[in-house]
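Trainee: Structure in structure tokens, see below.
The values are calculated or read from the model by the stated rules, or taken from the named source; none is laboratory data. Small disclaimer: the values here were computed from a predicted structure and weren't measured. Ideal geometry is used to build each Cβ from the backbone, glycine not excepted, and the neighbour counts take in all protein chains shown. To get the accessible areas, we keep the full protein, side chains included, count just its heavy atoms, and leave off ligands, DNA and RNA. Shrake-Rupley method; radii C 1.70, N 1.55, O 1.52, S 1.80 Å.
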Amino acid sequence: MFVLVLASWIYRTGVLLLVCVLFRLTCELQILRFEGVYKMFEGCELGTDLIFNEHMRIKKELSVTSHRYRFFIIACYVMITISQLGSLLLVLAFKSDKTFFNSGDLVICSVVQLSGFFLCLLGAARITHRAQGIVSIATRWHMMVTSASTRSNHEKCLNVPDSESDSDSESDKTSPKSAADSSQIFVSNASEDPSSTFQTRQAFVAYLQHNHGGITLFGFALDRGLLHTLFAFEFSLVLWILSKVVVLS
């Protein structure tokens, strides 16, 4: 009986930890892909099409991961909450001495369950934080490209009259038509920069602001805010159990 109970306990804890570790590894692999997207923003000449396609691919994979693991995470949360609070109530309500032999299995199971659940929560919160951080990276990239384009147009504005005066100084002094031609050249070059690319970058940043993604549970992002909410809920339940035990004693 002892061997069978031990084998059953090892099997249950092993399956739980295996699934939690697989989920954490999946999150870490997606984090590496986000690091690659961050590096794609370093090239200011890079267009938005490639970054947009890569982000869409990552978002789709995160959606699939969330759909496959959402029931597991919610089931773990409900099971751990009920088992831990029920065990806490039973242990504190009994007046007998607590030893490792009568409470050791409870302690070990609690450590295993909480460790696996924290692996899932921290992995999901980390990848959600990386997904939300891409908005600031894209905004900085958009600002740098726009600033570089503005400086380039300003330099063109300053250099075009100088080059024209160096090549044909006499004709510029006598012919007002050549000056008008120079201004037309600058206007055409400025229009080539791209109000269209600026609007594309602006639309891409707006898209990221509303579609940063991450691990979600039925539409709720599993980020630090949700972790704080879960911690407050669990802490309030623990205090409620303690109050009931104190009243019973």
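Trainee: Name the long-range amide H neighbours of Leu217: under 5 Å, sequence gap of 5 or more, or other chain; modelled H, no Pro or chain starts.
Mentor: Hits under the 5 Å cutoff: Leu222.
Trainee: Quick one: 3J(HN,Hα) in Hz for region 16-31, Karplus 6.51/-1.76/1.60 with θ = phi - 60°, rounded, Gly and Pro as x.
Mentor: So the Karplus estimates, Gly and Pro as x, are 4, 5, 5, 5, 5, 5, 4, 5, 5, 5, 4, 5, 5, 5, 5, 5 Hz.
Trainee: Heavy atoms only, probe 1.4 angstrom, no DNA, RNA or ligands counted: give me Phe204, Phe72, Phe198 ranked by accessible area, highest first.
Mentor: Phe198, Phe72, Phe204
Trainee: May I pose another question? Obtain the nm distance between the two label points defined at Gln209 and Asp49 by a simple spin-label model: each point lies 7 Å from its Cα along the Cα-to-C-beta direction.
Mentor: A separation of 2.6 nm, rounded to one decimal place.
Trainee: Sum up the charges of everything whose Cβ sits under 13 Å from the Cβ of Leu18, counting Lys and Arg as +1 and Asp and Glu as -1, but leave Leu18 out.
Mentor: Here the count lands on +2.
Trainee: For region 17-91, state which GluC sites (Glu not before Pro) are in a DSSP loop and have at most 10 other beta carbons lying within 10 Å of their beta carbon.
Mentor: Values: sites: Glu28, Glu35, Glu42, Glu45, Glu54, Glu61; in loops: Glu42, Glu45.
Answer by residue number: Glu42, Glu45.
Trainee: So what are the ³J(HN,Hα) numbers for region 210-221, from phi and the Karplus equation (6.51, -1.76, 1.60; θ = phi - 60°), rounded to whole Hz, Gly and Pro as x?
Mentor: Listing the rounded values in order: 9, 9, 6, x, x, 7, 10, 10, 6, x, 9, 5 Hz.
Trainee: Next question. Assuming R0 = 45 Å, can you tell me the calculated FRET efficiency for the pair Glu35 and Phe2, based on Cβ-Cβ distance, to the nearest 0.05?
Mentor: Numbers: r = 48 Å, r/R0 = 1.08.
Computed FRET efficiency for Glu35 and Phe2 comes out at 0.40.
Trainee: So between Phe198 and Ile108, what do we pick up on full extension, going 0.36 nm a residue minus the alpha carbon distance?
Mentor: 26.6 nm
Trainee: With a Förster radius of 22 Å, plug the Cβ-Cβ distance of Phe118 and Leu85 into 1/(1 + (r/R0)^6) and report the FRET value to the nearest 0.05.
Mentor: 0.80
Trainee: Once fully extended, how much extra length lies between Arg57 and Met144, figured as 0.36 nm per residue of separation less the alpha-carbon to alpha-carbon distance?
Mentor: Length difference between fully extended and current span is 28.8 nm.
Trainee: Kindly write out, for region 106-114 in residue order, the coupling ³J(HN,Hα) from the Karplus curve 6.51 cos²θ - 1.76 cosθ + 1.60 (θ = phi - 60°), rounded to whole Hz, with x marking Gly and Pro.
Mentor: Once rounded to whole Hz, the list reads 5, 5, 5, 5, 5, 5, 5, 5, 5.
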